[in-house]
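Structure record follows, encoded as structure tokens.
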Amino acid sequence: MRFKDKVVMVTGGAAGIGRVTAEAFAREGARLAICDLNPEAGAEALTALGPEASFEKVNVADEAEVSKWTEQVVQRYGRIDALVNNAGITRDALLLRMKESDWDLVLSVNLKGAFLCTRAVVRHMAQQRSGRIINVASVVGVVGNAGQANYVASKAGLIGLTKTVAREFAARGITVNAVAPGFIETQMTAVLSDKIKEGFLAQIPMGRAGSPQDVADAVTFLASDQAAYLTGQVLHVSGGMYM
Ligand code: NAD
């Protein structure tokens, strides 16, 4: 029970990695505040998180919605111990065919969303002089990936954001780290063609895709007391895709 009575916010908590991560925190005693764009999936996810958990329909790219959600969480639980910036989307295309609207959308959800949530939450953590922020980046944010210029730029930006916020708030007892998942079995990757999936698998020394639980284990570690002296780091959860 590493997170007994801790208050943990997870964005994009209705599905995939976010949902499994929220469940992992809840199993260890945390009180969960999850948000997602999808209200049906959010309501369903909530049922596994215990009586103290809450769900709000929030678009992380919308400043007003993020502020409102954060204030609701503080009013309800009185504090915020950890934020997991997990909400993310893809709109893949090769650069010459990439629409400006798809560039803007991916950057606004994956990168601006994390900025808005971090800025809203970190002031409360600074007052407490403690907090944990974990950003869900991606291995491709480090190595690049053809067909994902918008997504890769957002994840590389998220790693830069992680390191900068880590430096700004280290003296206030707040750690900021990122996980960089490789190829994880969720809705996001289920839509890929067999050819692309095989291409990813061929790059994984461990020879298998990861599970959302593999990522959740890394996120909960970074949020735990065992990671107290770790900040500004990128923990790769990719079966060795990047070393
Ligand atoms: P997913 O599509 O299964 O789940 C993402 C969730 O985020 C969904 O419930 C969706 O409704 C929600 N969401 C999307 N836009 C949102 C917004 N604007 N505001 C609030 N919620 C929003 O995806 P996943 O695979 O679980 O991905 C989770 C995170 O992990 C993402 O940031 C993704 O980039 C990252 N990631 C995934 C993989 C992978 O292989 N699946 C690899 C590396 C990184």
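The values are calculated or read from the model by the stated rules, or taken from the named source; none is laboratory data. All of these numbers come straight from a predicted model, not from anything done at the bench. Neighbour counts run over all protein chains shown; Cβ positions are idealised from the backbone, glycine included. Areas reflect the complete protein model, heavy atoms only, side chains present, ligands, DNA and RNA absent. Shrake-Rupley method; radii C 1.70, N 1.55, O 1.52, S 1.80 Å.
What the table below lists for this structure:
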read-out	value
Any helices (runs of 4 or more DSSP H) falling wholly within the stretch 145-229 and containing at least 3 residues that are within 15 Å of the chain's Cα centre (by Cα), under 19 Å from residue 131 (Cα atoms) and within 16 Å of the ligand (Cβ to nearest atom)	149-169, 212-223
Selection from the stretch 65-93 of residues that are part of a helix (DSSP H, G or I) and in contact with a strand residue (DSSP E or B) (Cβ under 7 Å, 6 or more places away or on another chain)	69, 72, 73, 76, 77
Any pair with Cβ under 9 angstrom, 6 or more apart, that starts in the stretch 13-37 at a residue that is on the phi > 0 side of the Ramachandran plot and ends at one that is away from the ligand (no atom under 15 Å from the Cβ) and of a type in the set (A, V, I, L, M)	29/1
Residue list for the stretch 103-117, filter: out of contact with any helix residue (DSSP H, G or I) (no Cβ under 6 Å at 6 or more places or on another chain) and either in contact (Cβ under 8 Å) with a residue 24 or more places away in the chain or of a type in the set (A, V, I, L, M, F, W, C) (or both)	105, 108, 109, 112, 113, 115
Matching residues in the stretch 141-183 - criterion: being open to solvent by less than 20 Å² (accessible area, probe 1.4 Å), in contact with a Phe, Trp or Tyr (Cβ under 7 Å, 6 or more places away or on another chain) and within 24 Å of residue 100 (Cα to Cα)	150
Subset of the stretch 1-17 (residues that are surrounded by fewer than 24 Cβ atoms within 10 Å (Cβ to Cβ) and either of a type in the set (Phe, Trp, Tyr) or more than 12 Å from residue 216 (Cβ to Cβ) (or both))	1, 2, 3, 4, 5, 6, 7, 15
Selection within the stretch 184-198 - open to solvent by 30 Å² or more (accessible area, probe 1.4 Å) and free of Cβ contacts under 8 Å to residues at least 60 places away in the same chain	185, 190, 191, 192, 193, 194, 195, 196, 197, 198
